[in-house]
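Student: To start, I am sharing the structure in question, which I have written as structure tokens.
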Amino acid sequence: PFGIPYRCLYSKNIENLFFAGRNISVTHAALSATRVMATCALVGQAVGIAAAIAVRDGLTPREIYEKCIPELQQTLMEDDCYLPWNKREIPELSRKAELTASVGDPEPIRNGMDRPVGEVDNGWMGTVGDSWIEYNFGKLEKISKMRFVFDSNLNREEKNMPCNYPLKNHLKKVPGTIIRKFRIDAMKKDGQWENVICIDNNYQRLLKIELDATTSAVRFIPEETWGSETAHLFAWDIR
């Protein structure tokens, strides 16, 4: 794998011109890979975010490179784009909390690598229905958002296309490894657990949830997948 430099995506001599797709600035050798449709789509996503930052801050495309590359990279990774050799920043609330699980090592879910890379899995595995992961904050904290990245079986050997999961005939389309049903429990002031979120029929790899809760600890409990006997989670962020 290789990364595509942001400097390929804007004009050398026209101040306010971006490029996205097959017309980015690359040699014929690099074009053999960067011309792929899915890659072109992600390049368009990068240009769209860069353009939004430019409009927001009154910057040119070149000034984005000079001043805002970390923000651009982190925004892309937050939306589950893969940037080789870069790590996503973990929210402070997740980073400082005590992280435990009923089985296995949960630490990879906050290492900033939301997919397998080489021989490293970068995820947590548990059994469906009777395993959990817990963030303990040590004191009451206000929670407003959660972000999950599930296993969409990117390394499956069978044909990978198409990669979209439409609702029509979705029972046949969704990878069996994606967690279909799960719940979030929060600890009350008296130390008892209370269910605050129940998600059923999830078919997305990246899932963001808003909530309004004040608690000292939260648990993620996978209850059902689309076919796999193992619950596989790459990321769970608390904000």
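Student: Accessible area of ASP121, 1.4 Å probe, to the nearest 10 Å²?
Tutor: 50
Student: Using the heavy atoms of the protein chains alone and a 1.4 angstrom probe, what is the accessible area of the chain per residue in square angstrom?
Tutor: Working: 13390 Å² over 239 residues.
Heavy-atom SASA per residue in the chain reads 56 Å².
Student: Can you give the longest stretch of the chain with no exposed loop site, where a site means GluC sites (Glu not before Pro) in a DSSP loop (not H, G, I, E or B) with at most 14 other C-beta atoms within 10 Å? Can you show the working numbers first?
Tutor: Details: sites that count: GLU15, GLU89, GLU119, GLU157, GLU158, GLU229.
With GluC sites (Glu not before Pro) excluded where exposed in loops, the chain gives 16-88 as its longest stretch.
Student: Where in region 73-120 are there trypsin sites (Lys or Arg not before Pro) that are in a DSSP coil and have at most 16 other Cβ atoms within 10 angstrom of their Cβ? Mind dumping the intermediate values first?
Tutor: Details: sites: LYS87, ARG88, ARG95, LYS96, ARG110; in loops: LYS87, ARG88.
Listed in order of number, the matching sites are LYS87.
Student: So, one more: Do any of LYS67/LYS142; LYS96/LYS145; LYS12/LYS208 go past 27 Å between their Cα atoms, and which?
Tutor: On the way: LYS67/LYS142 32 Å; LYS96/LYS145 16 Å; LYS12/LYS208 37 Å.
With Cα atoms farther than 27 Å apart: LYS67/LYS142; LYS12/LYS208.
Student: Top to bottom by accessible area (1.4 Å), largest first, where do VAL117, VAL47, VAL55 land?
Tutor: Details: VAL117 50, VAL47 20, VAL55 125 Å².
Greatest to least solvent exposure: VAL55, VAL117, VAL47.
Student: Which ³J(HN,Hα) values in Hz, rounded to whole numbers, follow from the phi angles of region 64-77 under the Karplus curve 6.51 cos²θ - 1.76 cosθ + 1.60, where θ = phi - 60° and Gly and Pro get x?
Tutor: Whole-Hz 3J(HN,Hα) from phi for region 64-77: 4, 4, 6, 10, 10, 4, x, 5, 4, 5, 5, 5, 5, 5.
Student: Computed over the Cα atoms of the chain, what is the ratio Rg over Rh, Rh following Kirkwood?
Tutor: Using only Cα positions, Rg/Rh for the chain is 1.01.
Student: How do HIS232, HIS28 stack up against each other in accessible area, from largest to smallest, with a 1.4 angstrom probe?
Tutor: Largest accessible area first, the residues go HIS28, HIS232.
Student: Okay, moving on. How much solvent-accessible surface does THR75 expose, in Å² to the nearest 10, with a 1.4 Å probe and all protein chains in place?
Tutor: Taking all protein chains as shown, THR75 has close to 50 Å².
Student: When the chain is modelled as a GNM with alpha-carbon springs shorter than 10 Å, which of ALA29, ALA50, ALA20 fluctuates the most?
Tutor: ALA29
Student: Divide, for region 1-114, the radius of gyration over alpha carbons by 2.2 N^0.38 Å, where N is the residue count. Please list the in-between numbers first.
Tutor: On the way: Rg = 16.9 Å, N = 114, 2.2 N^0.38 = 13.3 Å.
Working it through for region 1-114, the quotient is 1.27.
Student: To continue, here is another question. Give me the number: length gained by fully extending GLU63 to GLU194, i.e. 0.36 nm times residue separation minus the C-alpha to C-alpha distance, one decimal in nm.
Tutor: The span from GLU63 to GLU194 would gain 42.3 nm if fully extended.
Student: Using r as the Cβ-Cβ distance of ARG183 and TRP85, and R0 as 35 Å, what FRET efficiency do you calculate, to the nearest 0.05?
Tutor: On the way: r = 36 Å, r/R0 = 1.01.
Given R0 = 35 Å and the Cβ-Cβ separation, E is 0.50.
Student: Of the heavy-atom accessible surface of the chain (probe 1.4 angstrom), what whole percent is carbon and sulfur?
Tutor: Working: 6930 of 13390 Å².
Carbon with sulfur: 52 percent of the solvent-accessible area.
The values are calculated or read from the model by the stated rules, or taken from the named source; none is laboratory data. Owing to the predicted nature of the structure, the values given are computational and were not obtained by experimental measurement. Cβ sites come from the backbone with ideal geometry, for glycine too, and all protein chains shown count toward neighbours. Just the protein is used for accessible areas: all its heavy atoms, side chains included, with ligands, DNA and RNA removed. Shrake-Rupley method; radii C 1.70, N 1.55, O 1.52, S 1.80 Å.
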